[in-house]
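A.B. asks: Dropping the structure in here first, questions after.
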Amino acid sequence: MKLKFIFLSLFLFVQSVQAELYIEIREGSDSALPIAIVPFANKSGSAVPYDVSRIIANDLQRSGDFDALSTSKMLSLPEQYDQIHFRDWRLLGQKYVLIGQLKYSAYTKKYEISYELIDVLTQQRVLGEVLSSGSKGLRKLAHKISDAVYEEITGVRGVFSTKIAYITLKQLTKNKQEYRLFVSDADGQNAHMIFKSHEPMLSPSWSNDGQHLAYVSFHTGRPAIYIQHVKSSHQRKVTSFKGLNSAPMWSPDDASLVMTLSKDGNAEIYTYDLATNALNRLTNHYGIDTEASWSPNGKEVVFTSDRSGRPQVYRMNIKDKVPERLTFVGKYNARPRFSKDGESLYYVHQSNGGFHIAAIDMKTSEQQVLTSTSLDESPSLSPNGRMIMYSTLRGNSSVLAVVSVDGGAKYFLPSDSGDVREPAWSPFLN
Amino acid sequence: MKFDSLKPITALLLSGLILTGCESMDTQDENADVDVPEQGAADAGEAGSDSGAETYGAPDEPEVGAAELAAQNAKEAAMKEQAALREMRTFYFDFDQSSIKVEARASLAAHAEFLATNPASKILLEGHCDERGTKEYNIALGERRAKSISKFLVVNGVSRSQIEVISYGEERPANAAHNESAWTQNRRVYIEYK
């Protein structure tokens, strides 16, 4: 593993917005593919509000699947195909070169961006497009190019145009806190607060259509589960039973939530039909059952239960409701989330006193600890199944961190504004 | 209607206060958290049985025998002791545990006795956890801790309707540091009298 300690300054062209996160890459994958992203030629006649090629380079570097060549090492800065000296790029060990140009039309008030992705070995142009956007849409457009390049080379859909939701916690005075729920781009930029409260907020979960968030808020003084439409900010109270109303998560068809309620005595898992408001109780045990998560096919849930004496991960078919214990290594395994293919789980695992994110293959029961940070919590999978975002303690505050599902690539999303926690990675949008 | 029926009780209450004298008033003042009229009402039941409603408004100190005085002093001492025990409001737990520690029992018994004899008193039990482990599991664990205290109180005569439970999980640490000593202080249930 090579340590990188690269600090990517995404702030250069962006006005600072409160609670925005920035990116700090700690470790790249050994198998990262070398790619040269040549600064796009600016033919617009004036300064461009966003450095598009830099955003692309940061995106690809962050994924862990690419190693973007530093601009200072480039021997030339070609703007079009016939300016590429292939021997130079081969000597630099590059597999791909991305070049491009920006123009500005005063008539349409739009930027026109053309780019080309070239395979150094075959000298073939493998991808090329001309896109246009207003100045405000340039970041979005850069992420779109990153997605196209990523998918062309890896065969996997990119997640650079997705969003994340997270909760920040700021201590205002000794006895007064402020919780804020944010939605931002996957790189932490473009953050918008969608709800705030002096009382606790927990467990944001995206609907699979990317339009809504479900979460727990104590803002009435008591915990209740809410659904909020992200764009209109319309909020609906779903449950506010006596006792716990916690850990909501959307079913794959968005028709129901799985949640934890203690209205019948202690923490049990229920499904809640959002159209009929009907509850279906799944667990029935005096131990704690909570933190349920749907399988991709919607037929099963996995959850945390301490029915064996300590928190462990269980699986249950929602029809037959028979719990099956899945984790046996370690005293504390909790808050499971399914892998994209439904064959593995990611969860919080206690080992040697520390709490880390671990993965288990459900067929072989083989467990792998993916992180080495401390007090790791709340794993959330990227929609392409390649990365896990989680929260961890760094210094005295909670920050978001990302690890690739093979444990290879790692980066942090630090913030200057207090604790950042409870990340939820959105589904693919559009 | 309901108000009228309380009148004789008010009378008994006042007579009870007069009979127990100034010292017991002092005891009550020392414990600002104690609901004074309720405490008085509890005393009135016993004190009123031999004094009756006719002592209402009587300004003269009734004569008290030596044996009676000794019994009264013992009772006051016991009350003071109970009040002191009730000053403990926060009860601590081991990691991932919700069983009540032995050293908490005497104080919880004093809270139970007070609540049982003062059925109009209500409490909120706040369950808390340290920051280790997952947030929602800790919300459930905090509830279980609070319910474990609640069960103890109910077994000792407190009515369920006097008790409310809320869990904050790891959201409201008593000590915000990230070490063993802070965690010990954060795994707790707090009794709030409403």
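Bear in mind these aren't lab numbers, they're just calculated from the coordinates by the rules spelled out. Quick caveat, the model's predicted, so the values are computed rather than measured. Using ideal geometry, Cβ is built from the backbone for each residue, glycine included, and neighbour counts are taken over all protein chains shown.
A.B. asks: With the contact rule set at Cα under 8 Å and sequence spacing of 6 or more, what percent relative contact order holds for chain A? Write down the numbers at each step before the final one.
C.D. replies: Values: 1100 pairs, mean separation 54.5, N = 430.
Once normalised by length, the contact order is 13 percent.
A.B. asks: Quick one: pull the percentage of alpha-carbon pairs in the stretch A:31-154 with a separation above 24 Å. Let's see the in-between values first.
C.D. replies: Working: 1715 of 7626 pairs.
When all Cα pairs of the stretch A:31-154 are counted, 22 percent exceed 24 Å.
A.B. asks: Could you pull out the chymotrypsin sites (Phe, Trp or Tyr not before Pro) across the stretch A:104-185 that fall in loop regions by DSSP (anything but H, G, I, E, B) with no more than 14 other Cβ atoms inside 10 Å? Can you show the working numbers first?
C.D. replies: Details: sites: A:TYR104, A:TYR107, A:TYR111, A:TYR115, A:TYR150, A:PHE160, A:TYR166, A:TYR179, A:PHE182; in loops: A:TYR107, A:PHE160.
Listed in order of number, the matching sites are A:TYR107.
A.B. asks: If you don't mind, there's one more thing I want to ask. If you place +1 on the Cβ of every Lys and Arg and -1 on the Cβ of every Asp and Glu, how big does the dipole about the Cα centre of chain A come out, in debye to the nearest 20?
C.D. replies: Values: 48 positive and 44 negative charges, 192 e Å.
The calculated dipole for chain A is roughly 920 debye.
A.B. asks: Roughly speaking, what is the centre-to-centre gap between the stretch A:236-294 and the stretch B:102-153 when only Cα atoms are used, to the nearest Å?
C.D. replies: 24
A.B. asks: Hey, if you put +1 on the Cβ of every Lys and Arg and -1 on every Asp and Glu Cβ in chain A, which of A:ALA275, A:MET193, A:PRO248 ends up farthest toward the positive end of that dipole?
C.D. replies: A:MET193
A.B. asks: Can you find, among A:THR154, B:LEU85, A:PHE218, the residue sitting farthest towards the positive end of the charge dipole of the protein assembly as shown, where Lys and Arg contribute +1 and Asp and Glu -1 at Cβ?
C.D. replies: After comparing all options, I get A:THR154.
A.B. asks: What is the average number of partner chain Cβ atoms found within 10 Å of a Cβ in B:128-134? Can you show the working numbers first?
C.D. replies: Details: counts 0, 0, 0, 5, 9, 10, 16.
Going residue by residue through B:128-134 and averaging, the value is 6.
A.B. asks: Another one. Using +1 on the beta carbon of Lys and Arg, -1 on that of Asp and Glu, and nothing else charged, what's the dipole of the stretch A:31-154 about the Cα centre, debye to 20? If you can, show how the numbers build up before the last one.
C.D. replies: Details: 15 positive and 14 negative charges, 92 e Å.
About 440 debye.
A.B. asks: So how far, in whole Å, is the C-alpha centre of the stretch A:152-201 from the one of the stretch A:372-402?
C.D. replies: 13
A.B. asks: Less than 18 Å from a label point 7 Å out along the Cα-to-Cβ axis of A:SER135: which backbone N atoms in the stretch A:94-113 qualify, by residue?
C.D. replies: A:102-113
A.B. asks: Here is a further query. Which log10 I(q)/I(0) values does the protein assembly as shown give at q = 0.07, 0.08 Å⁻¹ under the Debye formula, counting every alpha carbon as one identical point scatterer?
C.D. replies: -0.55, -0.67
A.B. asks: Averaged across the residues of B:165-175, what count of C-beta atoms belonging to other chains lies within 10 Å of each residue's C-beta?
C.D. replies: Details: counts 4, 6, 6, 4, 5, 3, 8, 4, 0, 0, 0.
So the per-residue partner count for this stretch is 4.
A.B. asks: Please compute the Cα-Cα pair-distance distribution of the stretch B:78-173 with 5 Å bins starting at 0, giving whole percents from short to long.
C.D. replies: Per 5 Å bin, starting at zero, the Cα-Cα P(r) for the stretch B:78-173 comes out as 3, 14, 24, 23, 17, 11, 6, 2, 0 percent.
A.B. asks: Another one. Determine ³J(HN,Hα), in whole Hz, for all residues of the stretch A:143-160 in sequence, where each value follows from phi through the Karplus function 6.51 cos²θ - 1.76 cosθ + 1.60 and θ = phi - 60°; x replaces Gly and Pro.
C.D. replies: 5, 5, 5, 4, 4, 5, 5, 4, 5, 4, 8, 8, x, 10, 5, x, 10, 6
A.B. asks: Another one. Give me the Kirkwood hydrodynamic radius of the stretch A:225-324 in Å, from all C-alpha pairs, to one decimal place? Don't jump to the answer; show the numbers that get you there.
C.D. replies: On the way: mean 1/r = 0.0723 Å⁻¹.
So the Kirkwood estimate lands at 13.8 Å.
A.B. asks: I need the peptides A:355-364, B:154-163 ranked by packing, meaning the mean over residues of other C-beta atoms within 10 angstrom, with the highest value on top.
C.D. replies: On the way: A:355-364: 19.1, B:154-163: 14.6.
Per-residue Cβ counts within 10 Å, averaged per peptide and sorted highest first, yield A:355-364, B:154-163.
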